[in-house]
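Student: Structure provided below as C-alpha cells; questions to follow.
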Amino acid sequence: MKKLLITALLCSTFSVMAQESPKDKGLKVIDEATIQSSLSYLASDWMEGREAGHPGAYRASDYIASMFEFMGLEPAGDSIDGQPTYFQNFDVLEYKASDKQFLSVQAKNGQEYTFAYHTDFEVKAAPASISGKGNIVFVGYGLDIDSLKYNDFYKKNVEGKVWLRLKGKPAKGKVGEALKELPSKQLHNIKEELAEKYGALAVIEIDALGELPKTASNFPFRDNRKYYEGDHKLSSFYDTRLYSPVSKPSKIAPVFMGGEYLMASIVDKNEVMKYVNSIGESKLYTPSLFATGATFQSNAIVERKRVRNVLAKVTGQMPDSVVMIGAHYDHLGKREGYVWNGADDNASGVAAILGIAKAVKATGVQPKRTMLFASWTAEEKGLHGSKNFLLNYDDPSQIKMYLNFDMIGRRGDWHSKDNQVSFIYTAEHPETWDLNQENIKDYNIDLEMFDGKSKRGEAGGSDNVNFDTYGIPYFWYHTGGHEDYHQVSDHADKIMMDKAAEITRLSYLNIWDIANE
C-alpha cells in the first residue's frame, strides 16, 4: 500500500510539472534577490556613478555583458575579426564651456555694453568654439507648435541672427495648458532642434522676470546643496554635454543665459510682459528692442570619447521579427569626492532587463520573435545610446515593440500608495494596456497602474522617445520622481526591492506574450 501511495504521489507531481508552461517556468526565477544583487552592484561606489565615457561606465557595461554571457544570451553588438561582441561602440564629443567667454551688445544709440562671464551671464557652449556678430531678433519662447497654431518665428527673418529668447515655456491659455506637463529636458531638446532648424547664430536667453539663471555661479545654492556639504563651487554634471554623431559638424548655437542686467541692455521688462500676456490672443505682441546687435566669443573645451551600448539577444523562430527590452545604465558620475550612485536612476531598470533575460532563458523554449536586450549609454546627456542604435540598425521596422525601464524602485511624489506605478505606452496601441491588465489579474500581481498613454510624437522622458520617432510602439514603467532624483542620495538601500521585482515579473509576462503572438 505504501509503495502504491508513493507511486501515485510521484505520478501526480510529474503530471503537475508537465502542465507547467514555459511562461510560468520563466516567471518563477524572478525574485527580490535577482533584482537586489544586480542593482546593488551597479549602484556601488565602485561604479563611480557610471557617467558615459568614464571608467565607471566601462565597468558597468563589462558587468552587464558578463551577465548576458553567463545567462547564455547571444552577443548582438559589433563584430571584431568576424566574431560578434556584446558591445556597440561609437564616438561622441564631450564638451563644456571654457573659462573665457565674451558677450557685448550694441545699442541703437551707438553705445556698446560688455558683460562679465559668471556675473552677468552663463554659457551653454556649442560642441566647438564659435565667434560671431549679428543682429538681434526677438523670438519669444523660441517654439513652433503646428498643432497649437503657435509659431514664434512666423514671418520673421531669424536665420543667421542672434536670438533673444525667453527661458521656459508659455503658461497661459491653450498653449500653456498643452505644455504644462512637458518635462524640462524635452523642452530643452525641442528648443535646441528649432534653433538648428531656423539657423540661429547664437541665443541670448533671459527669464521673463529678469531672474538670474539658477546655474549661475553667483546664484545662491546653485547645485541644490541639500546633500552637499562643501563650501566651494560644486561643478555640475550639466556643465558637460555630449554631441553625436561626430561624422558631421554641429549646428548647435551657443546659449548665453543672463539676468535682469543683461535684459535691461536689450529690452524693457514691460515690453517682455506685453508679449507674455498676448499669448492666446489673436496676435502676438512684438516687443521693441534697445539693442541692434551682439558680438560674442563662445569657447569650448572638447574631448572625443568612446562610449558603448550593451546588446544581447535570444533568436526567435522568426529572426527578423523583433521585440526589444531596454534600460539606460549611465548616470551622473562623480565630482568633488561625491558619487551619484543612481540606484533608482537607473540601476533599477538594468536589474529588470537582466531579470527578464534570466526568465526568458529559464523557459527552456525558443520564442517566436527574437528578443533583443539593450542597456543604453549616454541617456542622461541626450538619449545618445538608443539614438545611435536606431541610426545603425538595418531595418527598424522589424522592431514590433519596445519595452523600456527608467526608475522602477521607489514610490514617486505623485503616488499615494507603495504599489502604484505609471504605465506609459503608445496611445495608438491600447491593446498593450489591456494585456498589462490581464496579466495583473491572471497572475495576481500586486501593482496598481496609472494610465499614461501618449500619442505618437508626444513621447517624453526616456529612450522611448527615439523609438517613437521611428514609429515603433513602446511601453515602459516608471515609479515617479522623488527627493533623491539626481542627488547623491539615490542609494540602493532606499530601493523597494519587492516592488522592483513585481514590476519585472509583470514586464516579463507582457513582453513574453508579445514575443509569442
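The values are calculated or read from the model by the stated rules, or taken from the named source; none is laboratory data. Keep in mind it's a predicted model, so treat the numbers as computed, not measured. For neighbour counting, all protein chains shown are included, and Cβ atoms are generated from backbone atoms with ideal geometry for every residue, glycine included. Keep in mind that these areas ignore ligands, DNA and RNA; they rest on the heavy atoms of the full protein, side chains included. Shrake-Rupley method; radii C 1.70, N 1.55, O 1.52, S 1.80 Å.
Student: What is the set of long-range amide H partners of Met401 at a cut-off below 5 Å, with H atoms built 1.01 Å from backbone N?
Tutor: Met324
Student: Same structure again: Longer than 19 Å from Cα to Cα, which of Lys197/Lys453; Lys100/Lys269; Lys358/Lys381; Lys172/Lys274 are they? Say none if no pair is.
Tutor: On the way: Lys197/Lys453 29 Å; Lys100/Lys269 29 Å; Lys358/Lys381 29 Å; Lys172/Lys274 13 Å.
Table pairs above 19 Å Cα-Cα are Lys197/Lys453; Lys100/Lys269; Lys358/Lys381.
Student: On a 0 to 90 degree scale, rounded to 10, what angle separates helix 55-71 from the longest Cα axis of the chain?
Tutor: 20
Student: Further, regarding this structure: Going by average Cβ density within 10 Å per residue, which order do the peptides 196-207, 450-461 take, highest to lowest?
Tutor: 196-207, 450-461
Student: Determine, for each peptide in 37-43, 339-345, 153-159, the mean count of other beta carbons within 10 angstrom over its residues, then list the peptides with the highest first.
Tutor: On the way: 37-43: 22.4, 339-345: 27.0, 153-159: 12.9.
Going from most to least packed, we get 339-345, 37-43, 153-159.
Student: Say the dipole of the chain comes from +1 at the beta carbon of Lys and Arg and -1 at that of Asp and Glu; which of Phe121, Leu447, Leu27 then lies farthest toward its positive end?
Tutor: Phe121
Student: Show me 306-316, 385-395 ranked by packing, highest mean number of other Cβ atoms within 10 Å first.
Tutor: 306-316, 385-395
Student: Leaving out ligands and nucleic acids, and using a 1.4 Å probe, what accessible area per residue does the chain come to in Å²? Numbers along the way, then the final one.
Tutor: Details: 23670 Å² over 517 residues.
Per-residue accessible area for the chain comes out at 46 Å².
Student: How far is helix 431-442 tilted off the main Cα axis of the chain, in degrees rounded to 10, range 0 to 90?
Tutor: In the chain, helix 431-442 runs at an angle near 40 degrees to the longest axis.
Student: Kindly write out, for region 120-127 in residue order, the coupling ³J(HN,Hα) from the Karplus curve 6.51 cos²θ - 1.76 cosθ + 1.60 (θ = phi - 60°), rounded to whole Hz, with x marking Gly and Pro.
Tutor: For region 120-127, the Karplus curve yields 9, 7, 10, 10, 9, 6, 8, x Hz.
Student: Give me the dipole magnitude in Debye, nearest 20, for the chain about the Cα centre, with unit charges on the beta carbon: positive for Lys and Arg, negative for Asp and Glu. The partial results should precede the final answer.
Tutor: Values: 60 positive and 70 negative charges, 156 e Å.
The calculation lands at about 740 debye.
Student: Report, for the chain, the % of DSSP beta bridges that are antiparallel, rounded to 5. Before the final figure, lay out each step's value.
Tutor: Numbers: 54 of 92 bridges.
That works out to approximately 60 percent antiparallel.
Student: What list of ³J(HN,Hα) values in whole Hz, one per residue of region 102-119 in order, does the Karplus curve 6.51 cos²θ - 1.76 cosθ + 1.60 (θ = phi - 60°) give from phi, with Gly and Pro shown as x?
Tutor: Values, residue by residue: 9, 8, 9, 10, 9, 7, 4, 7, x, 6, 10, 10, 10, 10, 9, 5, 6, 10 Hz.
Student: Given a cut-off of 42 Å, what percent of all Cα-Cα pairs of the chain lie beyond it? Walk me through the numbers on the way to the answer.
Tutor: Numbers: 34210 of 133386 pairs.
Value for the chain: 26 percent of Cα pairs lie more than 42 Å apart.
Student: Rounded to whole Hz and in sequence order, give me ³J(HN,Hα) for region 166-178 from the Karplus expression 6.51 cos²θ - 1.76 cosθ + 1.60, θ = phi - 60°, writing x for Gly and Pro.
Tutor: 7, 5, x, 8, x, 10, 9, x, 5, 5, x, 5, 5
Student: Next question. Search the structure for amide H atoms under 5 Å from the amide H of Met318, placed 1.01 Å from N in the peptide plane, and list their residues when 5 or more places away or on another chain.
Tutor: Placed amide hydrogens put Arg369, Thr370 under 5 Å from Met318.
Student: Sticking with this one: Choose one of Pro183, Ile204, Gly471: the residue whose Cα lies farthest towards the positive end of the charge dipole of the chain (beta-carbon charges +1 Lys, Arg; -1 Asp, Glu; about the Cα centre).
Tutor: Farthest towards the positive end: Ile204.
Student: Can you give the % of DSSP beta bridges in region 266-423 that are antiparallel, to the nearest 5?
Tutor: Values: 8 of 22 bridges.
Rounded to the nearest five, the antiparallel share is 35 percent.
Student: So how tilted is helix 32-42 from the main axis of the chain? Cα-based, degrees 0 to 90, rounded to 10.
Tutor: The angle comes out at about 40 degrees.
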